1. So what J values fall out for the range 82-99 if you push phi through Karplus, 6.51 cos²θ - 1.76 cosθ + 1.60 with θ = phi - 60°, rounded to Hz, Gly and Pro as x?
2. List the residues, sorted by chain then number, that are 5 or more residues from H30 or on another chain and whose placed amide H is less than 5 Å from its amide H.
3. Counting only residues 5 or more places away or on other chains, whose amide H sits under 5 Å from the amide H of V67 once H atoms are built in the peptide plane?
4. Between R63 and R127, what length comes free when the chain is fully extended (0.36 nm per residue of separation minus the Cα-Cα distance, one decimal in nm)?
5. According to the square roots a ≥ b ≥ c of the eigenvalues of the Cα gyration tensor, what is the shape class of the range 65-113, taking rounded for a/c under 1.5, prolate for a/b larger than b/c otherwise, and oblate for the remainder?
6. Among rounded, prolate and oblate, which fits the range 87-126 when a ≥ b ≥ c are the square roots of the eigenvalues of its C-alpha gyration tensor, a/c under 1.5 means rounded, and a/b larger than b/c means prolate?
7. What list of ³J(HN,Hα) couplings, whole Hz, do you get for the range 57-74 from phi and the Karplus terms 6.51, -1.76, 1.60, once you set θ to phi - 60° and write x for glycine and proline?
8. Could you give the nm distance between label points at D37 and T173, where each point is 7 Å from its Cα heading toward the beta carbon?
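Where a number appears in this text, it was derived from the coordinates with a stated rule and is not lab data. Just so it is clear, the structure is predicted and the values come from calculations on it, not from any experiment. A quick note on method: Cβ atoms are made from the backbone with ideal geometry, for glycine too, and the neighbour counts reach across all protein chains shown.
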Amino acid sequence: RRGEEDRGRGEEGSVSGVTSQSIWLIADTHFGAQPRDRVRATGLSPARLDETIAASWRASIGRDDVVWHLGDVGDFATVAALPGRKRLVFGNGETRKSAIASGAFEIVEKRLSLNGVELVHDPLHARTQGPVFHGHLHDGNDERSAFVCLSVDQTSLGPIRLGDAIQRLERQTQPPGA
């Protein structure tokens, strides 16, 4: 556990050796502070959106599954109460200090590489031209084909398995007609 605690204080890192079957990704949960555009688009109240996202998380994530949250968490206590081994690539909605102090996350990073894919909150902060999994753009609109938005607005208000995110990336980067 000591090594993980130290990793939570790093600027960026790399993770490997975990199968895609046990890794999940989610971004922009905004627990306790749902964006107006999401409320409008879904027709759900902010409280109902929180419940829906949390219910999807509980239905998908096992106790030992790893969940990479790609920033804009919202209420840390809500995430802390959900299952899984939670790790954070922090966004503009939280600070490293507040995320670490919350105790909700095993690891807190600004960006990192996971199985060859860069994880960031804001795609403008990516250091590569792809592949990149990110949040921040709730509408998913990034013109670069190797960038995949995993905001809950793009994942049916819930987490997505790493393998499914990779399939999205592969479909998105295929040449037309392939």
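1. Result, rounded to whole Hz: 8, x, x, 9, 8, 10, 10, 9, 6, x, 6, x, 8, 10, 4, 4, 5, 5.
2. Under 5 Å from the amide H of H30 lie the amide H atoms of V73, G74, each far enough along the sequence or on another chain.
3. For V67, whose amide H was placed from the backbone, the distant partners under 5 Å are W24, R85, K86, R87.
4. Once the chain is fully extended between R63 and R127, it gains 19.8 nm.
5. Because a/c hits 1.5 or more and a/b fails to exceed b/c, the range 65-113 counts as oblate.
6. oblate
7. Once rounded to whole Hz, the list reads 4, 4, 6, 9, 9, x, 4, 9, 5, 9, 10, 8, 9, 8, x, 6, 5, x.
8. The two pseudo-label positions are separated by 2.6 nm.
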